[in-house]
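Below: one structure, written as structure tokens.
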Amino acid sequence: MMKLGILISGRGSNMSALADAVEEGRIPGARVSVVVSDRADAAGLRHAADRRVEALAIERRGRGREEHEREIISALRERGVELVCLAGYMRLLSPCFVEEFRGRVLNIHPSLLPAFPGLDAQRQAIEHGVKFSGCTVHFVDETLDGGPIITQRVVPVHAGDTPDTLAARILVEEHKAYPEAVRLVVGGNYKINGRRVVGK
Ligand code: GRF
């Protein structure tokens, strides 16, 4: 069994989608070992506990980023976590975290990367005037939303869209894309060729 650790900061709907997919047997060979939030008030912690998944708040409390992450890394290591899924974790990981779990950290981002990395991706897409946007699941490296892409799903951008209406349309696809991507990675049927993730 590959043990997953999911990092969140808020609502945790992608975490719930992953936990449900594991529960329903859609990610064979995986189990969710722990959900960690950097905010104790994250609604996602309750959703994790409701699913009988261990839910931990590890807040930053004025510490430097590395010190904070060292505590998260210890919690993940103690539980034997092998794959880390960022799901609305609102902090950029330091190089020490990326190094610790090299090639074993995934993220989901609400745009078709490399377009619109960073915050407020849905607003960026609307303001840019693109006609399609979507979501991307990718490996995390030291760059901002820049690691090798595992999967993407596309949605149309409508004329009257606000960041919220577009975000809601994208979120439906996020909840399908993330379990698919984790299934691929857990199954191990891929290799990374330069920047490209290709099936074996
Ligand atoms: C999602 O839009 C995700 O793509 C982005 O943050 C949001 C998290 O939502 N990284 P949720 O907490 O999973 O509901």
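The set of residues in region 166-200 that are of a type in the set (D, E, K, R) and exposed (fewer than 13 other Cβ atoms within 10 Å of the Cβ) comprises Lys191, Arg195, Arg196, Lys200.
Candidates in region 137-156 are the residues that are of a type in the set (S, T, N, Q) and open to solvent by 40 Å² or more (accessible area, probe 1.4 Å); of these, the one that is modelled with the lowest pLDDT is Thr143. Looking at region 1-57, the strands (runs of 3 or more DSSP E) lying wholly inside it that each contain 3 or more residues that are among the β-branched types (Val, Ile, Thr), open to solvent by less than 40 Å² (accessible area, probe 1.4 Å) and within 15 Å of the ligand (Cβ to nearest atom) sit at 30-37. Among the residues in region 148-158, are any touching a residue at least 40 places away in the same chain (Cβ under 8 Å) and either more than 29 Å from Glu127 (Cβ to Cβ) or away from the ligand (no atom under 16 Å from the Cβ) (or both)? Yes: region 148-158 contains one or more residues that are touching a residue at least 40 places away in the same chain (Cβ under 8 Å) and either more than 29 Å from Glu127 (Cβ to Cβ) or away from the ligand (no atom under 16 Å from the Cβ) (or both). Considering region 64-96, the residues that are within 16 Å of the ligand (Cβ to nearest atom) and in a loop (DSSP other than H, G, I, E, B) include one that is nearest to Tyr178 (Cα to Cα), namely Ala87.
For region 115-136, the set of residues classified as in contact (Cβ under 8 Å) with a residue 24 or more places away in the chain, surrounded by fewer than 13 Cβ atoms within 10 Å (Cβ to Cβ) and more than 12 Å from the ligand (Cβ to nearest atom) consists of Lys131, Phe132, listed by residue number.
Which one of Arg51, Arg91 is of a type in the set (D, E, K, R), modelled with pLDDT under 95 and touching a helix residue (DSSP H, G or I) at 6+ places or on another chain (Cβ under 8 Å)? It is Arg91. Region 104-199 holds strands (runs of 3 or more DSSP E) entirely within its bounds, and those carrying 1 or more residues that are farther than 23 Å from Leu4 by Cβ and among the aromatic types (Phe, Trp, Tyr) map to 132-139.
The values are calculated or read from the model by the stated rules, or taken from the named source; none is laboratory data. Keep in mind the model is a prediction, meaning the values are calculated, not measured. Using ideal geometry, Cβ is built from the backbone for each residue, glycine included, and neighbour counts are taken over all protein chains shown. Side chains included, ligands, DNA and RNA excluded: accessible areas come from the protein's heavy atoms. Shrake-Rupley method; radii C 1.70, N 1.55, O 1.52, S 1.80 Å.
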